[in-house]
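Have a look at the structure below before the remarks.
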Amino acid sequence: MSTKISPSPFPIELVENVLEHAYAEYRPLEKPVTLYQCALVCQTWRIIAQSLIFSECVLSLGSPQIESLKRDDTIRHLVRRVWVNVVSGSSVNELSGLLPGLQEVYVLSQLDELFTFLSDPHTELPKPFMLANDTFVLGNLTSFGLSSISFPLKLFRHCTSLRELKINRCVFEHEDDADSLHAPQQLMLHSFHLRAHTHQEMDVISWMLSSNSPFNWTQLTTLRVCNQTHKFKTHKLVEALVERCASTLEDLMVEPPNGYPS
């Protein structure tokens, strides 16, 4: 029997559609066993399957993984979504220029938060991990997730392509006056998720609704807020956010139900 790999007799568009549907059946970072098998069919299927298999990964900043990616041009150009495990003293600058096709980034302080984006409300937030002078180019990202870290607000100004933002129990480093001057209203979010357990974590809404914020709420269709602070002031922040984007909202969820004042 011949072992030569032959081209696919099917149109490439059809193969792409079939493999993309197979890939969609898996949870993030679950091993796509079906795609491994599809990659053995022929050369055409292998190329398409590999583009999906390597489209997402977990990286620990400051680890040997970064150097390995630098040496593998094929894989690093395929990565579209990355979960970043941030360790003390590391910088997101390590990703700058490394993944040219990157579209989605989820920054986590603990890898066990990977699938749930939930954390123990009694657990103290870690100390700030990200350097204040990080200049990681965020302009190509369409989806951005942050969980249990400290993040400089000024970096949002680089996320000009951002459409989905998920924030889970984060505190934010406020901008200097110079950073907030002439802020363009250019971040057109379509989806925003926020989970907070303290007033400090909810305070990001105040900044996002301010005139100095780069966020524009005229296209927001999905809003999900879990407000566990039980403070009237934070409930009013949620109310102000809902009112700001009420004309475009299609999917609204506020937890607990009394977190949105009537």
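The values are calculated or read from the model by the stated rules, or taken from the named source; none is laboratory data. As the structure is a computational prediction, the values presented were derived from the model and not from experiment. In this analysis, Cβ positions are derived from the backbone assuming ideal geometry, glycine residues included, and neighbour counts consider all displayed protein chains.
Taking segment 208-217, which residues are modelled with pLDDT of 90 or more, out of contact with any strand residue (DSSP E or B) (no Cβ under 7 Å at 6 or more places or on another chain) and of a type outside the set (A, V, I, L, M)?
TRP217 - this is the single residue of segment 208-217 that is modelled with pLDDT of 90 or more, out of contact with any strand residue (DSSP E or B) (no Cβ under 7 Å at 6 or more places or on another chain) and of a type outside the set (A, V, I, L, M).
Counting only residues that are of a type in the set (D, E, K, R), without any contact (Cβ under 8 Å) to a residue 60 or more places away in the chain and touching an Asp or Glu at 6+ places or on another chain (Cβ under 7 Å), how many does segment 25-84 have?
Qualifying residue count for the region: 1.
Could you count how many residues in segment 153-167 are farther than 21 Å from ARG195 by Cα and out of contact with any Ser or Thr (no Cβ under 6 Å at 6 or more places or on another chain)? Write out each step before concluding.
First, pick out the residues of segment 153-167 that are farther than 21 Å from ARG195 by Cα: 157-158, 160-161.
Still in the running and out of contact with any Ser or Thr (no Cβ under 6 Å at 6 or more places or on another chain): 157-158, 160.
Residues meeting the conditions: 3.
If we keep just the residues of segment 30-86 that are modelled with pLDDT of 85 or more and of a type in the set (Gly, Ala, Ser), which is nearest to LEU102 (Cα to Cα)?
SER55
So that you can scan it fast, the table gives a plain yes or no per residue for (1) closer than 16 Å to VAL82 by Cα; (2) in a helix (DSSP H, G or I); (3) aliphatic (A, V, I, L, M):
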| residue | (1), (2), (3) |
| --- | --- |
| PHE10 | no, no, no |
| GLU16 | no, yes, no |
| HIS21 | no, yes, no |
| THR34 | no, yes, no |
| GLN37 | no, yes, no |
| THR44 | no, yes, no |
| ILE47 | no, yes, yes |
| LEU52 | yes, yes, yes |
| LEU59 | yes, no, yes |
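Does segment 198-219 contain any residue that is buried (at least 18 other Cβ atoms within 10 Å of the Cβ) and more than 22 Å from GLU175 (Cα to Cα)?
No, the conditions are met nowhere in segment 198-219.
With the condition kept exactly as written, say whether any residue in segment 127-142 is modelled with pLDDT of 75 or more and outside any loop (DSSP other than H, G, I, E, B).
no
Got a number for residues in segment 52-84 being within 22 Å of GLU20 (Cβ to Cβ) and either touching a strand residue (DSSP E or B) at 6+ places or on another chain (Cβ under 9 Å) or basic (Lys, Arg) (or both)?
The qualifying residues number 11.
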